[in-house]
Amino acid sequence: MPSTRMNLCQCLYLFSHNPMVGAMPFVNEVLTVVCQLESIKRKPQKDEITDKLLISLHSLFAAVCMNLSLCMPEPSVKEITTALKEFEDNKTLQPSFSAPINSSFKEETLLYTTK
């Protein structure tokens, strides 16, 4: 059904990574939609999936994304997922200060440090 396909494609392309919940929930959301698209015979191409994963991650992951984008041959979805998990496990990212609960600071303005 075209409407289902279009809705799933829109979901895939609109996903963005929230660094407060980590990379793996984002990766899982993307891969869930990819599986749903595959079930209706509209699986995105490998490079569409890898591009989505790398382009849509928060800038905190810029270093690992840059390294992965420079790999030859192009890394697989599994290799990207593994690298992101390892990066996240090795870098505990947290806000460098505690903002009040109803703070007007936007998520992007928080400074991050590693433990």
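The values are calculated or read from the model by the stated rules, or taken from the named source; none is laboratory data. Values in this document were obtained by computation on a predicted structure and should not be read as measured data. With ideal geometry, Cβ positions are generated from the backbone for all residues, glycine too; neighbour counts draw on all protein chains shown. Side chains are part of the model used for accessible areas, which takes the heavy atoms of the whole protein and leaves out ligands, DNA and RNA. Shrake-Rupley method; radii C 1.70, N 1.55, O 1.52, S 1.80 Å.
Under 15 Å from the Cβ of Cys11, count the other residues' Cβ atoms, weight Lys and Arg +1, Asp and Glu -1, and hand me the total.
Taking every Cβ under 15 Å from that of Cys11, the sum is +1.
What does the accessible area of Arg42 come to, in Å² to the nearest 10, when a probe of 1.4 Å is used?
80 Å²
Can you tell which of Val21, Gln45, Met6 lies farthest toward the positive end of the dipole of region 1-68, using +1 and -1 charges on the Cβ of basic and acidic side chains (Lys, Arg; Asp, Glu)?
Checking the options against the dipole of region 1-68, the answer is Met6.
Please give the net charge around Pro44, taking every other residue with its beta carbon less than 9 angstrom from that of Pro44, where Lys and Arg add +1 and Asp and Glu add -1.
+1
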